[in-house]
Amino acid sequence: MNRKRTDPNSNRHLFFLLLISFFLSSGGFKLQAEEKEKFSLTFSGYIKTDVIYDTRQTVSLREGHFLLYPQDRLLDPAGHDLNSKDTFHILPIQTRLVLKINGPPALGAKTSGYIEAEFFGMSEADINGFRLRHAYLKLNWDKTEVLVGQFWHPMFISDSYPEVVSFNTGAPFQPFSRAPQIRFTWMPGNLSLTLTALSQRDFASTGPAGVSTSYFRNAACPELDFKAAWGRKNFLAGAGINVLKIVPRLATETGYEANESLTSLAGYAFGRLKTRPLTIKAEGVYGGNLHHLTMLGGYAVSEIIDPVTAQRDYSPINTAAGWIDLQTNGEKWQAGLFSGYTKNLGTKGEISGPIYSRVETMDHLVRIAPRLAFNAGQVRLAQEIELTSADYGPVVSRGRVNGQRTVTNLRLLTAVYYFF
């Protein structure tokens, strides 16, 4: 007997429709419960449609929507570059829904919650799928804040990030990752000190079995991040340090237990200055094994410790990256310029085995992207020209790349927003 197959997204779509019905039946998109509970829900978000034209094949996500960099040359027998082919697309998958929750006090703290989702999907096969972005509980005392749930990685500075039109938000020059975490922040005056313990979910490390959270989970140790920042209304500056431990495999190719791990460090500094006409933002990052942050890099086998058991030692591939973003502060018209640079610095020692990295054959990457936005009430029209050039070549000593050819992609992006 033939049975009708069930759409795997149907349950999520049904839940979404029930949620909308709940808000509508409750008298609108802001619900106030009984006064004694002091509990409220606020529903918001935006609809966004991107019109995209690229002059070259790119390494990207969701049918080209999340652009990272142009693909290397791919020559046919006649010497024609098969990746030198333009593309066009229209996608509304960045459309976003937000639920903000304010609840009664607990443990002497103000309580709040935040849920954010979009239709970006979890994979190429799941495009248009409803997926979770953020979901966290926040407890606020006078000088202390605790956040538990999924939120931006601490190296993504949520108070100072590029205001680009592209959904990549400056990646791979900018750390881009959301992660389950427990974040503790102490705020004595204008200073804030933040300690975060993180895991991996949607943004994972890479290794022998491909991209997976298993390398992190098998290390049985949270990723740790410490950040210090000083800020006032129109100024912010800070720096941080991050440490990540992973276990690339549990068994060697000869069947022995693999007593192997890799610990990598990263440092970063950031700043924001707002004047009456212009806002300037910037960040610099240096570190190893930054794959889970949607950046260049990873790690490599540096030594075979025991030829019988095939035990390995690993070395992180170091990456340096920096970006600066300028934007005018007009209410109706806003112009901006993003510029970024990142370079593969290789490993400290020689490589004697496989490389597990994001684009191991790239020496450096550069991007410049001017933009213009027009705001009319809840509607925004935005245009961005994103020029990204990559320098490719063979891998030489210590994982460094001898850049021999430069390929460039020009993206013309038009976006239409409706905020609610």
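The values are calculated or read from the model by the stated rules, or taken from the named source; none is laboratory data. It should be emphasised that the depicted structure is a prediction, and the values quoted were computed from it without experimental measurement. Note that we place each Cβ from the backbone using ideal geometry, even for glycine, and neighbour counts take in every protein chain shown. For accessibility, only protein heavy atoms count, side chains too; no ligands or nucleic acids. Shrake-Rupley method; radii C 1.70, N 1.55, O 1.52, S 1.80 Å.
State whether one or more residues within segment 296-312 are of a type in the set (F, W, Y) and in contact with a Leu (Cβ under 7 Å, 6 or more places away or on another chain).
Yes: one or more hits.
Y418 satisfies every condition listed in (1) open to solvent by 50 Å² or more (accessible area, probe 1.4 Å); (2) within 27 Å of D54 (Cβ to Cβ); (3) touching a residue at least 40 places away in the same chain (Cβ under 8 Å); (4) in contact with a Leu (Cβ under 8 Å, 6 or more places away or on another chain) except (4).
Restricting segment 239-261 to residues that are part of a loop (DSSP other than H, G, I, E, B) and either free of Cβ contacts under 8 Å to residues at least 40 places away in the same chain or open to solvent by 80 Å² or more (accessible area, probe 1.4 Å) (or both) leaves a set whose member that is farthest from Q311 (Cα to Cα) is V247. The single residue among S352, S339, S302, S389 that is crowded, with 20+ Cβ neighbours inside 10 Å and either hydroxyl-bearing (S, T, Y) or in a helix (DSSP H, G or I) (or both) turns out to be S302. Annotation note: Cβ proximity below 7 Å between a residue of segment 148-169 that is in contact (Cβ under 8 Å) with a residue 40 or more places away in the chain and of a type in the set (D, E, K, R) and a residue that is surrounded by 23 or more Cβ atoms within 10 Å (Cβ to Cβ) and assigned to a loop (DSSP other than H, G, I, E, B) (sequence gap 6+ or interchain) occurs for no pair.
Entry remark, segment 219-241: residues being in contact with a His (Cβ under 9 Å, 6 or more places away or on another chain) and either within 19 Å of S315 (Cα to Cα) or polar (S, T, N, Q) (or both) number 1 in total. Of the residues making up segment 109-151, those that are open to solvent by 70 Å² or more (accessible area, probe 1.4 Å) and among the small types (G, A, S) number 1. S264 fulfils the conditions (1) touching a residue at least 24 places away in the same chain (Cβ under 8 Å); (2) closer than 15 Å to L224 by Cβ; (3) open to solvent by 60 Å² or more (accessible area, probe 1.4 Å) except for a single criterion, (3).
For residues that are open to solvent by 20 Å² or more (accessible area, probe 1.4 Å) and either hydroxyl-bearing (S, T, Y) or outside any strand (DSSP E or B) (or both), tally how many sit in segment 318-332. Counting residues in segment 318-332 that are open to solvent by 20 Å² or more (accessible area, probe 1.4 Å) and either hydroxyl-bearing (S, T, Y) or outside any strand (DSSP E or B) (or both) gives 5.
Filtered by the rule that a residue be in contact with a Gly (Cβ under 9 Å, 6 or more places away or on another chain), closer than 27 Å to S160 by Cα and buried (at least 20 other Cβ atoms within 10 Å of the Cβ), segment 210-233 gives D225, K227, A229.
Criterion first (touching a Lys or Arg at 6+ places or on another chain (Cβ under 6 Å), buried (at least 20 other Cβ atoms within 10 Å of the Cβ) and under 27 Å from Y69 (Cα atoms)) does P154 satisfy it? Against the criterion (touching a Lys or Arg at 6+ places or on another chain (Cβ under 6 Å), buried (at least 20 other Cβ atoms within 10 Å of the Cβ) and under 27 Å from Y69 (Cα atoms)), P154 qualifies.
Residues are listed down the side, and each one gets a yes or a no for (1) over 25 Å from S44 (Cα atoms); (2) surrounded by 15 or more Cβ atoms within 10 Å (Cβ to Cβ); (3) touching a Lys or Arg at 6+ places or on another chain (Cβ under 8 Å):
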residue	(1), (2), (3)
Q71	yes, yes, yes
H80	yes, no, no
N83	yes, yes, yes
F88	yes, no, no
Q94	no, yes, yes
L97	no, yes, no
K100	no, yes, no
L107	yes, no, no
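Within segment 272-299, restricting attention to residues that are of a type in the set (S, T, N, Q) and surrounded by fewer than 21 Cβ atoms within 10 Å (Cβ to Cβ), the residue that is nearest to P172 (Cα to Cα) is T279.
Against the list (1) assigned to a strand (DSSP E or B); (2) open to solvent by 30 Å² or more (accessible area, probe 1.4 Å), the condition L236 fails is (2).
Against the test of being open to solvent by 10 Å² or more (accessible area, probe 1.4 Å) and either of a type outside the set (D, E) or outside any loop (DSSP other than H, G, I, E, B) (or both), the options F184, F173 yield a single qualifying residue, F184. Exactly one residue out of T294, T275, T309 is polar (S, T, N, Q) and under 17 Å from the mean Cα position of the chain (by Cα): that is T294.
The residue that is nearest to the chain's Cα centre (by Cα), among those in segment 104-152 that are part of a strand (DSSP E or B) and polar (S, T, N, Q), is Q150.
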